[in-house]
Each structure stands twice: as structure tokens, then as C-alpha cells.
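Reading through the C-alpha cells given below for one structure.
The values are calculated or read from the model by the stated rules, or taken from the named source; none is laboratory data. These numbers come from a predicted model, not from an experiment. Cβ coordinates were reconstructed from backbone atoms using ideal geometry, including for glycine residues, and neighbour counts include every protein chain displayed.
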Amino acid sequence: MAQIEWSDSMSVKNAVIDTQHKEWIAIYNRLDHVLLHGGSNELFNAVADAFQAMQEYASYHFRQEEQYLKEIHYPDLVTHKRLHTDFDDQLYKYSRQIRNGELILGSEVMSILKNWLLHHIMQEDQKYCVFVSHSES
Ligand SMILES: [Fe+2]
Ligand SMILES: [Fe+2]
């Protein structure tokens, strides 16, 4: 597992949303750190808490971003929202399974999360960024 590093190519040219994406990445990195360095006794709760924190922050960010997309009249809001909702549901499911001891968080799930996060920020969120820059010019 590897940490995610913020780069300027991830920017959507909106300071509030960039800050949220950075925070989300930081929470992901914390989860990665807990998995690598947690002691075995406290590990279960630490992982479950760190995962839940990430899930809750993702949810919060999605709602905020959707509000912003509504304000700018982004034409593909419905499609974008569906991507959020699907991932939101997936994270919630993982979180519940981890808490219930039905899922042991490991490199497989972490790389699913990382890939989704990077793909979403660098491809899907870029689409509204392009839309904004076109409508401003
Ligand atoms: Fe986003
Ligand atoms: Fe998004």
C-alpha cells in the first residue's frame, strides 16, 4: 500500500473543493498508516475508526461538491451524483463489514479505494473543472 501525494494536476481550480480533496487524501493516508503501524491489540478498533472517518468525510465531500455543481448548473450532475452515490454505498458497506469483523482491511481493498479516489479526482472531477473554465471564457 502506498500513500497518495497531492499534486497540482489534481486541482479543480476551486480552493474549497481542492482543500476537501486534500483532506480526504490525508484521511486515506492516515488509514494506510494505521494499517501499517498499528499494534495488534488496538488495531481492530483503530482500523474501523480510521475507515469510518474516511467514509464519513467522503460522504460530506460528495454532498458539498454536489451543492457546488448545482450552483454552477453543471449539466452532468445526475451522472456525477450517481458515481458519488455508488461509491458512498460501497464505503458504507465496507465500513459496516469491517466493524462487524466480516472484512479484514488489506491491500486489495486499499488499492480499490486509492484507484477510485485518484480516478475520480483526476478524471471525473476534472470534467466540471473544464466546464467551469469554458463557461467563464
Ligand atoms: Fe470531489
Ligand atoms: Fe466528484
Any hit, segment 96-104, residues being surrounded by 17 or more Cβ atoms within 10 Å (Cβ to Cβ), touching an Asp or Glu at 6+ places or on another chain (Cβ under 9 Å) and assigned to a helix (DSSP H, G or I)
no
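Which of the residues belonging to segment 21-43 are over 16 Å from the mean Cα position of the chain (by Cα) and in contact (Cβ under 8 Å) with a residue 40 or more places away in the chain?
Once the filter is applied, which keeps residues that are over 16 Å from the mean Cα position of the chain (by Cα) and in contact (Cβ under 8 Å) with a residue 40 or more places away in the chain, segment 21-43 yields only Leu35.
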Counting only residues that are in contact with a helix residue (DSSP H, G or I) (Cβ under 8 Å, 6 or more places away or on another chain) and among the polar types (S, T, N, Q), which one in segment 57-71 is farthest from ligand 2 (Cβ to nearest atom)?
Ser59
Given the criterion within 24 Å of Leu43 (Cα to Cα) and of a type in the set (A, V, I, L, M, F, W, C), identify the matching residue among Leu118, Leu103.
Leu103
List pairs: first in segment 105-128 and more than 11 Å from His80 (Cα to Cα), second of a type in the set (Phe, Trp, Tyr) and within 11 Å of ligand 1 (Cβ to nearest atom), Cβ under 8 Å, 6+ apart or cross-chain?
Trp116/Phe87; Leu117/Trp24
Return yes when Tyr74 is surrounded by 14 or more Cβ atoms within 10 Å (Cβ to Cβ), at pLDDT 95 or above and not in a helix (DSSP H, G or I) and no when it is not.
yes
